[in-house]
Each structure stands twice: as structure tokens, then as C-alpha cells.
Amino acid sequence: MKKQKAIKVGNTLFVGISILGLGSVSLLSLYNPQATMDLVRVNLTNTDAISSIRGIYGGVGLTIVISLCYLLFQRVIVAVQFLTLFWCSYALSRLITIFIDGPLGGFGNQWIVIESIFFLFGIILLFLNRNLKYEQH
């Protein structure tokens, strides 16, 4: 019983921390797309660039956050599955960049570590969750 509770807490923390991180970038991007791009030292020089960052990191990010909030309370295991794939995809994209374009800078190196840790945490949670039964609401 304690193991089940610990796994459920792990699920909630994994999804909750992801929501907070993705939500903060999403809100920042909606409010000030240039501030998001300042993190990687890129200037947005036209309204198409501004609207693209606002749309992808802001709008799409917010859609993901809203979906994760719903799943957190309705189907947490689906949220864990999605986030495991999500963080893996981010880390894989950075690895592809390393192989094709060369070494990452400080920002990229920091985030490939974070994304890889989140991916591994998701894998561990999926492994631990395999025998748990979840009530459907």
C-alpha cells in the first residue's frame, strides 16, 4: 500500500513539475516572445517570427499544459506516458543537433541533462506503474 502511494505521489510530482515548467515558458512566450528567445540569444526581427514563437511556445505550450492538467486528475498514467515521450523527444532533438550541427552551448547542455533526467524518471514511473490499477472517473 505504501509503495502504491509513493508511486502515485511520483506520478503527481512528475506531471506537476512538468506543468509548472511548461506553463511558465508558455505564459512568458504569450506575453513576451522575445524574452523566451533571449534565453538562446536569438532576436525576433519581424512580426512573423514573433507570432511563430507566441504560437508554438505560447499557444501550443498552453494547450499541452491544459491537457496535462486535465489528465493529472482524470488519467494520470496517460499524462506520464505522454510526458515520457515528450521529454525523450526534446532530448533526442538536442542529440540530433549535436550530431548534425555540432556541440550545444550552455543552455542546450543544461537542458539536455534536464530533459534526459525527466525522460528516465518517466521510464521508471511507467515501469513502477505497470501493475497498479487506476479507477476510471
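Give region 1-36 a look and list any residue that's farther than 23 Å from Ile56 by Cβ and among the hydroxyl-bearing types (Ser, Thr, Tyr), or say none.
Of everything in region 1-36, just one residue is farther than 23 Å from Ile56 by Cβ and among the hydroxyl-bearing types (Ser, Thr, Tyr), namely Thr12.
When the residues of region 1-15 are narrowed to those that are in contact (Cβ under 8 Å) with a residue 60 or more places away in the chain and among the β-branched types (Val, Ile, Thr), which ends up surrounded by the fewest Cβ atoms within 10 Å (Cβ to Cβ)?
Applying the filter and picking the extreme gives Thr12.
Of the numbered conditions (1) surrounded by 14 or more Cβ atoms within 10 Å (Cβ to Cβ); (2) in a helix (DSSP H, G or I), Ser89 fails exactly one; give the number of that condition.
(1)
Can you confirm whether region 63-71 contains a residue that is in contact (Cβ under 8 Å) with a residue 60 or more places away in the chain and either under 15 Å from Trp111 (Cα atoms) or surrounded by fewer than 14 Cβ atoms within 10 Å (Cβ to Cβ) (or both)?
no
Scan Ser18, Ser24 and give me the residue that is surrounded by fewer than 14 Cβ atoms within 10 Å (Cβ to Cβ), part of a helix (DSSP H, G or I) and polar (S, T, N, Q).
Ser24
Could you tell me how many of the residues in region 92-125 are acidic (Asp, Glu) and loosely packed, with under 14 Cβ neighbours inside 10 Å?
1
Here, each number is a calculation from the coordinates, and none is a lab measurement. Every value quoted in this text rests on a predicted model; they were computed, and no experiment measured them. Don't worry about glycine lacking a Cβ; one is built from the backbone with ideal geometry, like all the others, and counts go over all protein chains shown.
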